[in-house]
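Q: For reference, the structure I am asking about is given below.
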Amino acid sequence: MISFEHFKFSDDLRKSIERLGYQSPTKIQEESIPLILAGRDMLGESETGSGKTLAFGSGVIENTARGKGLQALILTPTRELAEQVKVSLCKLAYHKQLKITAIYGGVSFGPQFRSLKSADIVVATPGRFKDHLQRGTVNTSNVSILVLDEADRMLDMGFIDDIEMIINSCPNRKQTLFFSATIPPQIEKLSKRYLKRPIKVSTRKHVDSKKLKQGYFDVPRSLKFSLLLHLLRDTSSKLAMVFCNTRRTTDVVIKHLKIYKVDAVALHGGFPQNKRTEAIENFKEGKIHVLVCTDVAARGIHVDNISHIYNYDIPSNPIDYVHRIGRTARAGEEGQVINLLSEEDHDNFSRILCEYRFSINKLKKPYVERVVFCSHRTSSSKKPRMR
Ligand code: AMP
């Protein structure tokens, strides 16, 4: 295992990292920081929780100086992740005077115009950043490092055109880093188009497969909520996340949990930014124990101590399932994933099971291999079909 000394950081960055108290680099940091500091383009396969912000953040902080215009741009899929990355970068820049700002939709433009004028580093969601480009309120001609964080998710969310427009607005002569939890063909394609002789770095999944237990209940739709309530009350969990496929279901579930006095909070893209921030903070600090959310809103949030994931609906995209379960069984902790299936979830669930088989045979993804689905059947409805 190497130490941070190995990277020959500037004194400013070294002291900021020391201040954070990290003992040694994570795997993605160990493998990617030397390449990033050497100015190489990179495609990093790494998920939330693997320490990738410090990996690209070290290159961003080392190569940015105060007052020379916008030099580093980081694109993230969600507002929450933009804020989170901004906070992490501010910590890394603790001993260096840099102006770092987060730019995302759902809030007014005015303060953003002002902060963009003097920003050295911008962390932004693609839609709002494109709006600023079109209004001429941001200048990307000095950008020397561009990072796509959670690139797969940004493409899933339909940001491809915005992203390409933003990349094309930056100078050709820049360093480009893509970080993505998975590398589907579109990301490969995008990287071929925009990365120069990129080096691919892939790190093992952070979730501990041996500590992750998964199971499902198969019940009529009308009993789903009662089952969830029973499980939340009956299980001694640390923090629990309840994933729903839509905002509407999230609203219905949170409304009923509150009626039954469960300390829960909801998070989805329909809430104003201040409510979203408040919900996450309360959950992170353990003031509230249950977070009911959609995939989009919860994406990229790093919260320790999540012991249970409840899938109130099963996502249609198996990748979303992988991201959901990746929130638990982190850093040596135990974690449980409980799927609440009813008839309409069977197809999605079957697709996930098939995808896993595919993964085991073709991709040998380690934490998928150990998945054990144990059935707690509470109704006579038939098992999910294996296709
Ligand atoms: P990220 O993948 O960047 O979202 O980071 C996930 C979490 O790991 C954050 O809470 C970081 O503060 C933490 N972290 C990053 N690097 C290290 C490290 N080298 N050692 C311990 N924790 C770290």
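What follows is calculated from the coordinates using simple rules that are stated; it is not laboratory data. Computed from a predicted structure; not experimentally measured. Methodologically, a virtual Cβ is constructed for each residue, glycine included, from the backbone with ideal geometry; neighbour enumeration extends over all protein chains shown.
Q: Which net charge results when you count Lys and Arg as +1 and Asp and Glu as -1 among the other residues whose beta-carbon is under 9 Å from that of residue 239? Walk me through the numbers on the way to the answer.
A: Values: positive: 238, 284; negative: 304.
Taking every Cβ under 9 Å from that of residue 239, the sum is +1.
Q: Can you spot the aspartates and glutamates whose alpha carbon is less than 14 Å from residue 196's alpha carbon? Ignore those fewer than 8 places along the same chain.
A: 41, 188
Q: Place the peptides 159-168, 269-278 in order of packing, highest mean first, counting for every residue the other Cβ atoms within 10 Å and averaging per peptide.
A: Details: 159-168: 16.4, 269-278: 14.7.
Sorting 159-168, 269-278 by mean packing, highest first, produces 159-168, 269-278.
Q: Quick check: residue separation of residue 229 and residue 90 times 0.36 nm, minus the Cα distance between them. What number comes out in nm? Don't skip to the end; give the middle numbers.
A: On the way: separation 139, 0.36 × 139 = 50.04 nm, distance 4.01 nm.
46.0 nm is the gain from fully extending residue 229 to residue 90.
Q: Sticking with this structure for a sec: Which percent of Cα pairs goes in each bin when the distances of the stretch 4-202 are cut into 10 angstrom slices starting at zero?
A: 9, 39, 39, 13, 0
Q: So, counting K/R as plus one and D/E as minus one, what does the shell of residues with Cβ under 12 Å around residue 224 add up to?
A: Working: positive: 221; negative: 218, 313, 343, 344, 345.
Around residue 224, the charge tally is -4.
Q: So which of 224/275; 258/287; 27/189 end up more than 23 Å apart by C-alpha? Show your work: numbers first, answer last.
A: On the way: 224/275 27 Å; 258/287 15 Å; 27/189 26 Å.
Beyond 23 Å between Cα atoms: 224/275; 27/189.
Q: At a 10 angstrom cut-off on C-beta neighbours, averaged per residue, how do the peptides 192-203, 122-133, 24-35, 340-351 rank from highest to lowest? Don't skip to the end; give the middle numbers.
A: On the way: 192-203: 14.4, 122-133: 21.7, 24-35: 20.2, 340-351: 18.5.
Top of the packing list down: 122-133, 24-35, 340-351, 192-203.
Q: Another question, if that's okay. Just check the stretch 55-115 against the gyration tensor rule for me: Cα atoms, a ≥ b ≥ c as the square roots of the eigenvalues, rounded for a/c under 1.5, and otherwise prolate or oblate depending on whether a/b exceeds b/c. Could you put the intermediate results ahead of the total?
A: On the way: a/c = 2.04, a/b = 1.37, b/c = 1.49.
It is oblate, given that a/c is not under 1.5 and a/b is not larger than b/c.
Q: When a/c reaches 1.5 or more, the comparison of a/b and b/c decides; with that in mind, is the stretch 77-187 rounded, prolate or oblate per its Cα gyration tensor? Show your work: numbers first, answer last.
A: Values: a/c = 1.40, a/b = 1.25, b/c = 1.12.
It is rounded, given that a/c, with a ≥ b ≥ c, falls under 1.5.
Q: From the cross-link list 213/261; 86/192; 8/211; 130/255; 86/117; 68/174, which pairs have alpha carbons spaced over 24 Å apart?
A: On the way: 213/261 28 Å; 86/192 28 Å; 8/211 36 Å; 130/255 36 Å; 86/117 17 Å; 68/174 15 Å.
Flagged as over cut-off: 213/261; 86/192; 8/211; 130/255.
Q: I want the local charge near residue 20. Using Cβ-Cβ distances under 12 Å, sum +1 for each Lys or Arg and -1 for each Asp or Glu among the other residues. Working shown, then result.
A: On the way: positive: 14, 15, 19, 91; negative: 18.
For residues surrounding residue 20, the net value is +3.
Q: Next question, about the same structure. Any chance you could run the full-extension gain for residue 66 through residue 281? It's 0.36 nm times the residue separation minus the Cα-Cα distance, nm to one decimal. Write out the running numbers ahead of the final one.
A: Working: separation 215, 0.36 × 215 = 77.40 nm, distance 3.03 nm.
Computed gain between residue 66 and residue 281 is 74.4 nm.
Q: Here's a follow-up. Give the angle, between 0 and 90 degrees and rounded to the nearest 10, that separates the Cα long axis of helix 79-92 from the longest principal axis of the Cα atoms of the chain.
A: With both axes taken from Cα atoms, the answer is about 50 degrees.
Q: From the backbone phi of the stretch 303-308, what are the Karplus-calculated ³J(HN,Hα) couplings (6.51 cos²θ - 1.76 cosθ + 1.60, θ = phi - 60°) in whole Hz, Gly and Pro given as x?
A: Taking θ as phi minus 60°, the curve returns 10, 7, 6, 8, 9, 9 Hz for the stretch 303-308.
Q: For residue 123, enumerate residues with amide H under 5 Å from its amide H, sequence gap 5+ or separate chain, H modeled in the peptide plane.
A: Placed amide hydrogens put 74, 101, 102, 103 under 5 Å from residue 123.
Q: Between residue 304 and residue 1, what's the calculated FRET efficiency when r is the beta-carbon distance and R0 is 25 Å? Round to 0.05. Walk me through the intermediate numbers first.
A: Details: r = 22 Å, r/R0 = 0.88.
Calculated value: 0.70.
Q: For the pair residue 316/residue 255, report the inter-label distance in nm, with labels modelled 7 Å from Cα in the Cβ direction.
A: In this crude label model, residue 316 to residue 255 measures out at 2.4 nm.
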